[in-house]
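Notes follow once the structure below has been shown.
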Amino acid sequence: MKKRQINVAVLDLYDNEPNQGMRCIKEIIESWDGKIDDLPVSYNIYDVRYKTEVPNLKYDIYISSGGPGSPYDGEGSKWEKEYFRLLDRIWNHNQQNNEQRKFLFFICHSFQMMARFFDLATVQKRNKQSFGIIPVTRTKEARADQLLGELPDTYYAADFRQFEVVAPKENVFRELDAKLLSREKFRVDPTMERALMAVRLSDEIFGTQYHPEADPISMLYHFQQPERKTQVVAEYGEDQYYNMIEHLEDPTNILLTRSKILPVFLKTAIEQIAKNSDDNIH
């Protein structure tokens, strides 16, 4: 019997800007090909912002990438309308379909777009751009979450953003049954609100403000850019800049985050899709 194929759509929001994120996402997806019940895993990439390419609902899993600039850059544009339409279709499909739901993961820029679409919180410009490896703190609810449950209460993440998601709207969270699972551990200016860093919208839909796909190669690439070094030194000091580089290969640092979030999301999704497919056959 022919094996059921797992189909993944990667939504590229990088707007044709050179990046390391797409390489990392592809590597993580490829690592699951044939790993669970020998199920083949294939993916297609859709250049959402640059070419207005948006997939239909034929995919099992959707991963929406990070990207440059403001989450308001495309406001009212064709690509944004099509992107939001896809989010609406996935959400409605899952509300009406208990057997074969769609899985969706948002990263960084996409997380901000998600917060706008669902009106989860305030999405605003940050007082200073965040760049580097930052500590993130779990909420109590995260301890039982399938993606964050194996991480410590303080874990580390690759974080690049000029904008932030703050001031969660409690009524919207209640209405959607969404869960806030992580925040920034601290702000350089303690009077400022700590941003939302991970949110679960449903069993199938999850998002992080940071880059869970980041690996030491991608981080070193960013750290070696002169303007990035200047930025980190200005924000945190030269000692912290070199400390970040030194800890890139630390298994308790971003390597732990990389191994526990997006891979576990894919594992959980593939197992659930396979189980539902078997149930439908029987």
Task: Matching residues, segment 210-221, being buried (at least 19 other Cβ atoms within 10 Å of the Cβ) and more than 22 Å from LYS185 (Cα to Cα) - done: SER218
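Residue-by-condition table, conditions (1) within 24 Å of LEU181 (Cα to Cα); (2) of a type in the set (Lys, Arg); (3) part of a loop (DSSP other than H, G, I, E, B):
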| position | (1), (2), (3) |
| --- | --- |
| GLU227 | no, no, no |
| THR230 | no, no, no |
| GLU235 | no, no, no |
| ASN243 | no, no, no |
| THR257 | yes, no, no |
| LEU266 | yes, no, no |
| LYS275 | no, yes, no |
TODO: Please find, among PHE117, PHE103, PHE111, the residue that is out of contact with any helix residue (DSSP H, G or I) (no Cβ under 6 Å at 6 or more places or on another chain) and aromatic (Phe, Trp, Tyr).
DONE: PHE111
Open item on the list: For segment 231-242, check the following and say yes or no: at least one residue is of a type in the set (Ser, Thr, Tyr), modelled with pLDDT of 95 or more and surrounded by 14 or more Cβ atoms within 10 Å (Cβ to Cβ).
Closed with: no
Task: helices (runs of 4 or more DSSP H) enclosed by segment 24-123 - at least 1 residues per element that are in contact (Cβ under 8 Å) with a residue 60 or more places away in the chain - done: 78-96, 109-118
Task: Failed criterion for LYS3 (all others in (1) surrounded by 14 or more Cβ atoms within 10 Å (Cβ to Cβ); (2) in contact with a Leu (Cβ under 7 Å, 6 or more places away or on another chain); (3) not in a helix (DSSP H, G or I) hold) - done: (1)
TODO: Go through (1) farther than 19 Å from ILE205 by Cα; (2) in contact (Cβ under 8 Å) with a residue 12 or more places away in the chain; (3) not β-branched (Val, Ile, Thr) and name the single condition ARG138 misses.
DONE: (1)
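How many of the residues in segment 56-78 are closer than 24 Å to ARG101 by Cα, surrounded by 17 or more Cβ atoms within 10 Å (Cβ to Cβ) and either acidic (Asp, Glu) or over 17 Å from the mean Cα position of the chain (by Cα) (or both)? Explain how you work it out, then say what you get.
Step one: filter segment 56-78 for residues closer than 24 Å to ARG101 by Cα, giving 56-66.
Adding the requirement that they be surrounded by 17 or more Cβ atoms within 10 Å (Cβ to Cβ) leaves 59-66.
Applying the additional criterion that residues be either acidic (Asp, Glu) or over 17 Å from the mean Cα position of the chain (by Cα) (or both) yields 59-60.
Here the count works out to 2.
Restricting to segment 143-180, and then to whatever is among the aromatic types (Phe, Trp, Tyr) and surrounded by 18 or more Cβ atoms within 10 Å (Cβ to Cβ), can you tell me which residue is nearest to VAL232 (Cα to Cα)? Spell out how you get there, then give the answer.
Just the residues of segment 143-180 that are among the aromatic types (Phe, Trp, Tyr), to begin with: 155-156, 160, 163, 173.
From what's left, surrounded by 18 or more Cβ atoms within 10 Å (Cβ to Cβ): 155-156, 160, 163.
Numbers: TYR155: 19, TYR156: 16, PHE160: 11, PHE163: 17 Å.
My answer is PHE160.
The values are calculated or read from the model by the stated rules, or taken from the named source; none is laboratory data. The shown structure was predicted, so the numbers you read here are calculated from the model rather than taken from an experiment. Positions of Cβ are backbone-derived with ideal geometry, glycine not excepted, and every protein chain shown enters the neighbour counts.
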